[in-house]
Amino acid sequence: MSGKRYGLLTERQYTVLKLRIAGKTQEEIARMLGTSRENISIIEKRAWRKIRLAEETLKYVKELLAVTKITIPSGTHLVQVPSLLIEAADRAGVKLKGNFTRIYDEIRFKAGDCVKGSHVVKPIDVVIYRDGTFEVINEEEADIRERIRGSRNF
């Protein structure tokens, strides 16, 4: 290994995660890398801990950068959503980056099962940032990431 880093991950941690995500067992990885399964377990556990800390840090930084959060209620027609976001951004003194189509598409595709057809069927949280960007806070994606982490046997 060359000592290259992948963000907060060491090259070894990155390699182990890459192989685990590809479906390799810790035992198989240990044989490939010439070490013990216990060592691979420790490397993987430390890598996931770093990832969780990085995600938590980003969450708090995003909260600092957010100027407002809007919840799109169930029953809202999707064509109403862009104007709701633009109005919320205006009230916060921010020029929203994105036209009607971009906002509509972003909500439609990132809200997951919160949208059926052309209507919101479960409330959708959207955060608007100081720079005018916005993000759909998709609890479903967060739950999936948590389940993936929880299913890994450290």
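The values are calculated or read from the model by the stated rules, or taken from the named source; none is laboratory data. Keep in mind that what you see is a predicted model, and the values were worked out from it rather than measured. Note that we place each Cβ from the backbone using ideal geometry, even for glycine, and neighbour counts take in every protein chain shown.
For segment 1-32: of the residues being farther than 19 Å from Lys50 by Cβ and of a type in the set (A, V, I, L, M), which is surrounded by the most Cβ atoms within 10 Å (Cβ to Cβ)? This residue is Ala30.
If you go through segment 33-58 and keep only what is more than 12 Å from Leu8 (Cβ to Cβ), surrounded by 12 or more Cβ atoms within 10 Å (Cβ to Cβ) and without any contact (Cβ under 8 Å) to a residue 60 or more places away in the chain, you end up with Leu33, Thr35, Ser36, Arg37, Asn39, Ile40, Ile42, Ile43.
Yes/no matrix, rows are residues, columns are (1) touching a strand residue (DSSP E or B) at 6+ places or on another chain (Cβ under 6 Å); (2) part of a helix (DSSP H, G or I); (3) more than 18 Å from Thr68 (Cα to Cα); (4) not charged (D, E, K, R):
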| residue | (1), (2), (3), (4) |
| --- | --- |
| Leu84 | no, yes, no, yes |
| Glu87 | no, yes, no, no |
| Lys95 | no, no, no, no |
| Gly98 | no, no, no, yes |
| Thr101 | no, yes, yes, yes |
| Phe109 | no, yes, yes, yes |
| Asp125 | yes, no, no, no |
| Asp131 | no, no, no, no |
| Val136 | yes, no, no, yes |
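Mind listing just one residue for me: the one in segment 1-44 that is at pLDDT below 95 and in contact with an Asp or Glu (Cβ under 6 Å, 6 or more places away or on another chain) and, of those, nearest to Thr57 (Cα to Cα)? By that ranking, first place goes to Lys4. Residues that are in contact with a helix residue (DSSP H, G or I) (Cβ under 8 Å, 6 or more places away or on another chain) and aromatic (Phe, Trp, Tyr): does segment 46-59 have at least one? Yes, some residue in segment 46-59 is in contact with a helix residue (DSSP H, G or I) (Cβ under 8 Å, 6 or more places away or on another chain) and aromatic (Phe, Trp, Tyr).
Does segment 63-75 contain any residue that is out of contact with any helix residue (DSSP H, G or I) (no Cβ under 6 Å at 6 or more places or on another chain) and more than 24 Å from Lys122 (Cα to Cα)? Looking through segment 63-75, at least one residue is out of contact with any helix residue (DSSP H, G or I) (no Cβ under 6 Å at 6 or more places or on another chain) and more than 24 Å from Lys122 (Cα to Cα).
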